[in-house]
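The structure appears below as structure tokens.
The values are calculated or read from the model by the stated rules, or taken from the named source; none is laboratory data. Source: prediction; values computed, not measured. Methodologically, a virtual Cβ is constructed for each residue, glycine included, from the backbone with ideal geometry; neighbour enumeration extends over all protein chains shown.
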Amino acid sequence: MSLLDQKIVLRLAKNGIPKDEFESIADETERELLKAQGANIILDNDHYTFESAVTSVNNTLFCIVDIESNGSKPSHHQIIEIGAVKMQNGQILDTFESLVYCTEISDQIQEITGITPDQTLKAPGLSKVMREFRLFLGDAVFVGHDAKFDYNFVSAMMERVGLSRLLNRSLCTIDLAERTIESERYGLAYLNEALELYKDATHHRALSDAITTTKLLKRTLAIIPETIKNTEELIAFSKEAKRLKRPKVKKEEKIEGSTTEG
């Protein structure tokens, strides 16, 4: 079990924890282990806090992640493709992309993603991909469109191959978009078309969706309130600020428009 329960996480994210108190909870070895899991905890003004609590949004290293899987339950299914983009100061620094060895992909998943067993049978194994991705992710802020799903799935795959679960700070672009952009819907494909984010997008392929999400993140960061100075304030805003009212759609538009999220 992690030393970082929800109460400690909240304190680290907001006002920090006094040096002596936190060191009584986590000694030097334990603090290094937390960092290895992505929890970038630093000493600032005699208090331990998340680095994201003292780092400006622009200077924060974001890792925007998308996965494709052969099912929705990490306990029974696995990642079949993962894509990620590292971004800082609005600039893309690096990308990660890999299919993952898998023998079973349903016809429905093959139809949605275009990924077939012929492709995944030639791909590197889950252990290799997760270990490489762990190094790529480092202690960056984990960003996803529906971040909870991607984060929990990746974390479960880490544990499946013998690694520790993720402790990176996370940010959801659905939550952020709902508080900065008026839209009838907030699915990635819908926002991509409505906002003209990425004209070369291939929906339901991991790196393409990660690139689309990166462009969405940049769009939302350009219009967040000026009062948001650091990334913990951004994370809090994405969860706590009032959602924008969705625009009313005329009856004829509802009839003509698709009811599915493509």
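For the structure I just gave you, tell me whether THR103 is over 22 Å from ALA210 (Cβ atoms), modelled with pLDDT of 95 or more and crowded, with 21+ Cβ neighbours inside 10 Å. Steps first, please.
Details: over 22 Å from ALA210 (Cβ atoms): yes; modelled with pLDDT of 95 or more: yes; crowded, with 21+ Cβ neighbours inside 10 Å: no.
No, not satisfied.
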Checking HIS76 against (1) crowded, with 18+ Cβ neighbours inside 10 Å; (2) in the same structural domain as LEU166 (by TED's automatic domain parsing); (3) not charged (D, E, K, R), only one condition comes out false. Which one? (1)
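Being surrounded by fewer than 19 Cβ atoms within 10 Å (Cβ to Cβ) and in contact (Cβ under 8 Å) with a residue 24 or more places away in the chain is the filter here; which residues of region 159-173 pass it? Give the derivation first.
Filtering region 159-173 for residues surrounded by fewer than 19 Cβ atoms within 10 Å (Cβ to Cβ) gives 159-165.
ARG160, VAL161, GLY162, LEU163, SER164, ARG165 - these are the residues of region 159-173 that are surrounded by fewer than 19 Cβ atoms within 10 Å (Cβ to Cβ) and in contact (Cβ under 8 Å) with a residue 24 or more places away in the chain.
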All-but-one check, ASN15 against (1) in the same structural domain as PRO225 (by TED's automatic domain parsing); (2) surrounded by fewer than 17 Cβ atoms within 10 Å (Cβ to Cβ); (3) in contact with a Ser or Thr (Cβ under 9 Å, 6 or more places away or on another chain), failing number (1)
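Quick one: is ASN89 within 29 Å of LYS239 (Cβ to Cβ), in the same structural domain as PRO18 (by TED's automatic domain parsing) and without any contact (Cβ under 8 Å) to a residue 60 or more places away in the chain? Break it down into steps so the answer makes sense when it comes.
Numbers: within 29 Å of LYS239 (Cβ to Cβ): yes; in the same structural domain as PRO18 (by TED's automatic domain parsing): no; without any contact (Cβ under 8 Å) to a residue 60 or more places away in the chain: yes.
The answer is no for ASN89.
Could you count how many residues in region 149-204 are β-branched (Val, Ile, Thr) and under 25 Å from PRO247 (Cα atoms)? Talk me through it step by step, then tell me what you get.
Step one: of region 149-204, the residues β-branched (Val, Ile, Thr) are 154, 161, 173-174, 180-181, 202.
Narrowing further to those that are under 25 Å from PRO247 (Cα atoms): 173-174, 180-181.
The number of residues fulfilling the criteria is 4.
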Provide a single number: the residues in region 98-143 that are among the small types (Gly, Ala, Ser) and farther than 27 Å from LYS86 by Cα. 1
Which residue, of THR202, THR227, THR213, THR180, is assigned to a helix (DSSP H, G or I) and modelled with pLDDT of 95 or more? THR213
